[in-house]
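This report refers to the structure that appears directly beneath it.
The values are calculated or read from the model by the stated rules, or taken from the named source; none is laboratory data. A quick note: this is a predicted structure, and the numbers were derived from the prediction, not measured. Here the Cβ positions follow ideal geometry from the backbone for every residue, glycine too, while neighbour counts run over all protein chains shown.
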Amino acid sequence: MAKSELELSWKDLEVGCVVSEPGNASQYRTGDWRSVRPVWDTEKCIQCGVCYIFCPDMAIKKTQDGYFEADLYYCKGCGICAQECITGCIRMLEEEE
Amino acid sequence: MGERVGIEVSLAAAEAVKMANVDVVAAYPITPQTHIVEHLSELVADGELDAEFIPVESEHSAMSVCCGSSAVGARTFTCTSSQGLALMNEIVFIAPAMRLPIVMILANRSLSGPLSIWNDHTDVMSVRDCGWIQFFTENGQEAFDHVMFSFRVAENPAVSLPIMMNMDGFVLTHVIEPIEFWDQETVKQYLPDFEPVNRLHPDNPVTMGAFGLPGIFTEAKKAQDQALINSKPVILKAWKDMGDLVGRYYKPVETYHVEGAETVFLSMGSVGETVSLAVDQLRAQGKPVGQVKLRLWRPFPFEEFREAVRGVKQMIVIDRAITYGGVGGPVASEIRSALYLEENMPTITNFLCGLAGRDVTAEDYMAMFEKTEQMAKGKVRQEDYIIYGVRE
């Protein structure tokens, strides 16, 4: 998208608000919704990948050293990863901290 | 020019849909629209019309299918009445927002309850603000002509909006009238092939019907409003071209004996011809009475309407629906708004009549004129309206 949504005038819209650029949902920063963020304690993490599997937004990625971290562009802070984590190594940290 | 045949108006409308070479018909039968759907299903079954006839399980599905088929670029038709329109309501509002040029005939019937199958305009008035182009037909010939008109206007790339053709239930749908058919060559000349502005196709993927966040919703609505307003020149051109081709010129606002008229009736739909009879008789008595018929309802033809009633002292607005606890009928409330800033705004009396098919004769309209004359001697308040003929 050339312009962000908030820069578009009504004249800029496609007829019927058709989205003519396929796959552009990936540009949507759902991370804006987040009030808490997942933080991994690598002391307790066993690198099982359960958090990666359960993340509903595919917002968890594997790091070079085999641990996991959230892609904060997309992570909504839903906490499912923390809920599912077998060793309890994920803590949901308040964003203001 | 085609031949003139005596035919039930519903069947004529279905034949017109066939001549428009529609691709998809998705509809659910409901009185008094049934004959249109039945005839179209026969035409498809008999191989006379090469189209998909989709016998859906409800009107909600009918309009949903129409949105899908229109989105892939198929010429799409449906029709319904009353409760059917109510059931498809959710999708009725979505079609214009997605700019899908579906053509729908609404065989006007009252909304329940009490349960009723007869004609009035409570169904169409329930979707007044749905964003479709809406107009009224007065007789069988108009209904036939306006099927072609509807496809041409709706599918015009500058418009790309659904269009609702109102046709009074029973009064039009179930009567046999002499109707001049168009020949196929004329249809071809008048109605180009459907080339959608956007089309769902795997070669060029697009998203239709995505959600709109608060940051874009207002702009989306402004664009939709403007699209409906901008459809008017296309509508006028389609009427002009039809006149040049078949000799019948239609206008957004029709007038009858308005020259020197101090009082005019305002009507929509099939009651117009009965009102004209009353106007004839009142004129014969030397009363300066005329008639204005509103054909185009959305976009509202402000300019033509104001021009038509300029200099008129009083208006008798006929409504076929009730706005409960409101300012009178929906048409009168619209008319008052349209004239609010005019100099010498006429007095407006509002009669609600012909609900659920109750007969209103020329004598009744003459009685409304008499009543209006009496009211003119007192002060007529804006919110006053009369439910004509109700037993006290």
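Matching residues to (1) in a loop (DSSP other than H, G, I, E, B); (2) within 14 Å of another protein chain (Cβ to nearest Cβ); (3) surrounded by 18 or more Cβ atoms within 10 Å (Cβ to Cβ); (4) not aromatic (Phe, Trp, Tyr):
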| site | (1), (2), (3), (4) |
| --- | --- |
| B:Pro157 | yes, yes, no, yes |
| B:Ser160 | yes, yes, yes, yes |
| B:Met164 | no, no, yes, yes |
| B:Pro178 | no, no, no, yes |
| B:Gln189 | no, no, no, yes |
| B:Leu200 | yes, yes, no, yes |
| B:Ala210 | yes, yes, no, yes |
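Would you pick out the residues in region B:140-194 that are under 23 Å from A:Glu14 (Cα atoms) and either free of Cβ contacts under 8 Å to residues at least 60 places away in the same chain or among the aromatic types (Phe, Trp, Tyr) (or both)?
Hits for region B:140-194 are B:Phe151, B:Ala154, B:Pro157, B:Asp193, B:Phe194.
What's the number of the condition B:Leu172 fails, among (1) among the aliphatic types (A, V, I, L, M); (2) within 11 Å of chain A (Cβ to nearest Cβ); (3) closer than 29 Å to B:Val124 by Cβ?
B:Leu172 satisfies all of (1) among the aliphatic types (A, V, I, L, M); (2) within 11 Å of chain A (Cβ to nearest Cβ); (3) closer than 29 Å to B:Val124 by Cβ except (2).
I need the strands (runs of 3 or more DSSP E) fully contained in region B:1-57, keeping only those with at least 3 residues that are within 17 Å of B:Ser69 (Cα to Cα).
Where strands (runs of 3 or more DSSP E) fall fully within region B:1-57 and carry at least 3 residues being within 17 Å of B:Ser69 (Cα to Cα), they are B:24-26, B:52-54.
Please identify the pairs in which a residue from region A:18-31 that is more than 23 Å from A:Cys78 (Cα to Cα) and more than 12 Å from chain B (Cβ to nearest Cβ) has its Cβ atom under 7 Å from the Cβ atom of a residue that is at pLDDT below 90 and in a loop (DSSP other than H, G, I, E, B), counting only partners at least 6 apart or on another chain.
Within 7 Å, no pair qualifies.
When B:Ser231 is evaluated against the numbered criteria (1) within 14 Å of another protein chain (Cβ to nearest Cβ); (2) out of contact with any Leu (no Cβ under 8 Å at 6 or more places or on another chain), which criterion, by number, is the only one it fails?
(2)
Select, from B:Trp132, B:Trp118, the only residue that is within 11 Å of the chain's Cα centre (by Cα) and either surrounded by fewer than 24 Cβ atoms within 10 Å (Cβ to Cβ) or of a type in the set (Phe, Trp, Tyr) (or both).
B:Trp132 is the lone residue from the list that is within 11 Å of the chain's Cα centre (by Cα) and either surrounded by fewer than 24 Cβ atoms within 10 Å (Cβ to Cβ) or of a type in the set (Phe, Trp, Tyr) (or both).
Only one of these conditions is not met by A:Glu95: (1) under 11 Å from the mean Cα position of the chain (by Cα); (2) in contact (Cβ under 8 Å) with a residue 60 or more places away in the chain. Which number is it?
Exception for A:Glu95: condition (1).
Any residue at all in region B:360-376 that's within 30 Å of B:Ser82 (Cα to Cα) and part of a loop (DSSP other than H, G, I, E, B)?
Yes, region B:360-376 has at least one match.
Could you list, in sequence order, all residues of region A:50-89 that are touching a residue at least 12 places away in the same chain (Cβ under 8 Å), touching a strand residue (DSSP E or B) at 6+ places or on another chain (Cβ under 7 Å) and over 30 Å from B:Leu213 (Cα atoms)?
A:Lys62, A:Tyr67, A:Phe68, A:Cys89
Report whether or not B:Gly243 is more than 14 Å from every other protein chain (Cβ to nearest Cβ), within 14 Å of the chain's Cα centre (by Cα), surrounded by 13 or more Cβ atoms within 10 Å (Cβ to Cβ) and modelled with pLDDT of 95 or more.
no
Just checking, which of B:Arg75, B:Arg99, B:Arg128 is touching a helix residue (DSSP H, G or I) at 6+ places or on another chain (Cβ under 9 Å) and under 23 Å from B:Val9 (Cα atoms)?
B:Arg75
Looking only at residues in region B:89-135 that are of a type in the set (S, T, N, Q) and part of a helix (DSSP H, G or I), which one is nearest to the other protein chains (Cβ to nearest Cβ)?
B:Asn89
This table checks each residue for (1) within 18 Å of B:Asp123 (Cα to Cα); (2) of a type outside the set (Ser, Thr, Tyr).
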position	(1), (2)
B:Arg320	yes, yes
B:Gly328	yes, yes
B:Ser333	yes, no
B:Arg336	no, yes
B:Leu341	no, yes
B:Pro346	no, yes
B:Asn350	no, yes
B:Leu355	yes, yes
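Listed residues A:Lys44, A:Lys61, A:Lys3, A:Lys11; which is charged (D, E, K, R) and facing chain B (nearest Cβ under 9 Å)?
Testing whether each residue is charged (D, E, K, R) and facing chain B (nearest Cβ under 9 Å) leaves just A:Lys11.
Pairs, please: C-beta under 6 Å, at least 6 apart or cross-chain, first residue within 12 Å of B:Phe93 (Cβ to Cβ) and in region B:112-134, second of a type in the set (A, V, I, L, M, F, W, C) and outside any loop (DSSP other than H, G, I, E, B)?
Here the result reads B:Val127/B:Val92; B:Cys130/B:Val92; B:Cys130/B:Phe93; B:Trp132/B:Met164, each pair linking region B:112-134 to a residue that is of a type in the set (A, V, I, L, M, F, W, C) and outside any loop (DSSP other than H, G, I, E, B).
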